[in-house]
Amino acid sequence: MIGERITHRTADGVRIPGTWRHAFICNGGRFFLTDLFIFADGLVDCWGLVTLDEFEEKLRSGWVATSFPEGADASAHGLADWKFAGPYTWVTPELLLAEVWDTIDQLNGRPDSTARCLAAVDVFLADRTEENRAAARAAYLAIPETQRHYALGDMDSKDWPLQALVAGPGGELESWSDEPVTQEDYDEALAYFEERARSIAERPSRVPADGPATPYAPGIHLYQTYPRDRESDPGTKALRNDYPAPVDADGVTYPSVAHAYWALSVADDDARAAVMAAGNPYAAQRLAAEATRRAGWEHARTAVMTGLLRAKYTQHPDLAEILLATGDATLIYDDAASGFWGDNGGRGRNWTGRLLELVRSELQAHRAGVPLPG
C-alpha cells in the first residue's frame, strides 16, 4: 500500500513517482534495516537501483532478507545495534515480490491484483459458471496474503464473503474455518455482493469537475546554455532567460529577461544601468552580485520574474509559439547560479520552469478565448 509514502526520482528530466517500505539487507552476514524504494518504471532501489529481475535475484539469494536467524547481528544505521532473539516474520520472497508488483501497478494507475480479482468476481456474478468461479478464485489467490483482508475495503467482514464466493458450496475457505462452505454461507456471500453492487450503483458518479488529471506529463529539460545571438530555429533554447530576446519593461528595453531581472534586483540607479548594459547575462549577474540588493527582493523576485516572462512571450510571438509547442509538458529548468530558479538535478526548486508553465497556460487561455480574471 502506498498511502502517504510518496517520493520520486528524476531520470532524463522526467519525474518518476515512487514510494518506499522498510526492508532488511543482509550484507556480510549482518542485517541492516533500510528503505526499499519502488518506482513507477519498475526499478527498485535497495542499496542500488535494479530492475525487477535483479531485485528478484536479490530476494532469492537472501541479500534482501525475509528471514532472520536466531542471534544474528542487526543494525539500524546511526540508531541501534541488536541481535535477533526469537525472530518471526510472515514475509516470504514470493510475497514481497508480489507486493512490489502490486505497488508498481498502483503507481501507474493500473489495476493491481485486488482490482483484477474484483473484476473477475464481477464476471462470475454476471455469468455464474464454474469456469468463471475458478478464474475468480485464481485471481483471489494471486492477491498477496497480507492484502487479502483489505480486498473489499470492509474491516468488519474483511474478505470472508470473497472467500466464500470463490470457494462455492462445499469448497474450502483459506483461513476462516476448517469446515467447507455451506449453502447458507454461500447465500450470505451472494447477498453481501448484491448489496455491495447496489451500494456502489447508488453512489453519485464522480466526474472530474476540472477535466482529466495528467500528473506525470513527459518532461522537457531546458539545459543551461550560453547563447550569444538569436537563431532562426532556436528550439527550446529560446525558453531560457538568457536567450537574447529584448524585453520592454516599464518603458526600459533590456537585452534579455536575465538582464532585466538582475538590473531590477539592485537598489542603485547607476548600478542598474551598468547591469542593463552588461555584455552578456553572466556579466549582468556578476555586476548585480556586487551591488546592493533592493529591500525585500527575495520576497518580490517571483512576482518580478512572472512579469518579465509575460512580457517576453507577449512581445515575441515567435518565441510564444515555441513555448506553446511544449503542450502540457513539465518544464525542468537548469540554473547554475540558483537552486531557487533551477531544478539542478532535482536539488533545486525549479521556479523558472514552474513560471514558464504558468505563462504557457495564460497563452493557451488567450488562444482558446478563455477570459482571465482581473
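Summary table below
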| quantity | calculated |
| --- | --- |
| Label point distance in nm, THR182-THR302, each placed 7 Å from Cα along Cα→Cβ | 6.5 |
| Derived scalar couplings ³J(HN,Hα) [region 323-333; Karplus, 6.51 cos²θ - 1.76 cosθ + 1.60; whole Hz; x for Gly, Pro] | 5, 5, 5, 6, x, 10, 5, 5, 9, 10, 10 |
| Size of the chain as Cα extents on the principal axes (Å, biggest first) | 91, 57, 38 |
| Relative contact order of the chain, pairs being alpha-carbon contacts under 8 Å that are 6 or more residues apart, as % | 9 |
| Segments 330-337, 304-311 sorted - mean Cβ within 10 Å per residue, highest first | 330-337, 304-311 |
| Distance between modelled label sites at ALA138 and GLU4, nm, 7 Å Cα→Cβ extension | 4.1 |
| Electrostatic dipole magnitude of the chain [Cβ: Lys, Arg +1; Asp, Glu -1; Cα centre; debye, to 20] | 1860 |
| Kirkwood hydrodynamic radius (C-alpha pairs) into Stokes-Einstein, region 219-368, 20 °C and 1.002 mPa s, D in µm²/s | 138 |
| Chain lengthening between ARG60 and ARG310 when straightened (0.36 nm per residue, less Cα-Cα) | 84.4 nm |
| Placed amide H near ASP248: partners under 5 Å, 5+ positions off or other chain | TYR254 |
| Lysines whose Cα lies under 16 Å from that of LYS237, excluding same-chain neighbours fewer than 8 positions away | LYS312 |
| Net lengthening on full extension, ARG230/ALA267 (0.36 nm per residue, minus Cα-Cα) | 10.3 nm |
| Charge sum, other residues only, whose C-beta stays under 13 Å from GLU54's C-beta, Lys/Arg counted +1 and Asp/Glu -1 | -2 |
| Given charges at beta-carbon only (K, R positive; D, E negative), |dipole| of region 14-139 in Debye | 200 |
| Rounded FRET efficiency, nearest 0.05, which uses the C-beta distance separating GLU202 from ALA368 and R0 of 56 Å | 0.90 |
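Values in this text are rule-based calculations from the coordinates and carry no lab data. Every value quoted in this text rests on a predicted model; they were computed, and no experiment measured them. Every residue, glycine among them, receives a Cβ derived from its backbone with ideal geometry; neighbour counts consider all protein chains shown.
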